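Q: I have a structure I would like to understand better, so I am pasting it below and will then ask my questions one at a time.
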Amino acid sequence: MDIVLLEDVKALGKKGQIVKVNDGYARNFILPKKLGVEATTKNLNDLKLQKANDARLAAEQLAAAKELAKKVEASPVTVSIKAGEGGRTFGSVSTKEIGKAVSDQLKLDIDKKKMVLTDPIKTLGTFEVPVKLHKDVTAKLTVKVVEA
């Protein structure tokens, strides 16, 4: 029996795949647990429409991420921190402070988990912080660390 998988099934296939399984396996396991549906023409058409809709949504998300990347790269963000002699800071600037500065200064909502900061910023100056907005889009956020 041919089955269209609605979810990933271990050792069988991924969501959206059409797989051939034994009738008993389909009737007793896959269909009752709603892991798949029988591969009728109606279900195949539904699958085709779903894939087209998913592709359209992915394209819209990619375009939105590119637009956000332009906004992020266009404007720098200033973060102030207490510093002592010689520009040595008390503490460090983490993604949490950078995320708060972005929301306050640029009025953009960027999750701190999307910022890729290898080590916390511990000196004054200007830094490039990569922001992973989409799997294909990474923007460079300019962060200026100044003394408070």
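The values are calculated or read from the model by the stated rules, or taken from the named source; none is laboratory data. These figures come from a predicted structure and were not determined experimentally. Cβ: placed from backbone, ideal geometry, glycine included. Neighbour counts: every protein chain shown.
Q: Whether any residue in the stretch 51-69 is touching a residue at least 60 places away in the same chain (Cβ under 8 Å) and closer than 22 Å to LYS144 by Cβ is what I want to check.
A: yes
Q: Can you spot a residue in the stretch 72-95 that is closer than 17 Å to LYS144 by Cβ and of a type in the set (Lys, Arg)?
A: Yes, because at least one residue in the stretch 72-95 is closer than 17 Å to LYS144 by Cβ and of a type in the set (Lys, Arg).
Q: Would you check if there is a residue in the stretch 42-52 being touching a strand residue (DSSP E or B) at 6+ places or on another chain (Cβ under 6 Å), surrounded by 11 or more Cβ atoms within 10 Å (Cβ to Cβ) and more than 30 Å from THR123 (Cβ to Cβ)?
A: The answer is yes, given that some residue of the stretch 42-52 is touching a strand residue (DSSP E or B) at 6+ places or on another chain (Cβ under 6 Å), surrounded by 11 or more Cβ atoms within 10 Å (Cβ to Cβ) and more than 30 Å from THR123 (Cβ to Cβ).
Q: Which one is nearest to HIS134 (Cα to Cα) among residues in the stretch 6-55 that are in a helix (DSSP H, G or I) and of a type in the set (A, V, I, L, M, F, W, C)?
A: Here the answer is ALA55.
Q: Inside the stretch 99-132, can you point out the residues that are under 13 Å from THR142 (Cβ atoms), of a type outside the set (S, T, N, Q) and either exposed (fewer than 13 other Cβ atoms within 10 Å of the Cβ) or touching a strand residue (DSSP E or B) at 6+ places or on another chain (Cβ under 6 Å) (or both)?
A: Residues satisfying the conditions are ALA101, VAL102, MET115, ILE121, GLY125, PHE127, GLU128, VAL129, PRO130, VAL131.
Q: Can I ask one more? Kindly indicate whether LYS34 is basic (Lys, Arg) and free of Cβ contacts under 8 Å to residues at least 24 places away in the same chain.
A: Considered against the rule, which asks whether it is basic (Lys, Arg) and free of Cβ contacts under 8 Å to residues at least 24 places away in the same chain, LYS34 comes out as no.
Q: Quick one: which strands (runs of 3 or more DSSP E) lie wholly within the stretch 56-131 and hold at least 3 residues that are out of contact with any Asp or Glu (no Cβ under 7 Å at 6 or more places or on another chain) and modelled with pLDDT under 90?
A: 88-93, 121-123
Q: Considering only residues that are among the small types (Gly, Ala, Ser) and either in contact with a helix residue (DSSP H, G or I) (Cβ under 9 Å, 6 or more places away or on another chain) or outside the structural domain of GLY36 (by TED's automatic domain parsing) (or both), which ones fall in the stretch 1-17?
A: Result: GLY16, single match.
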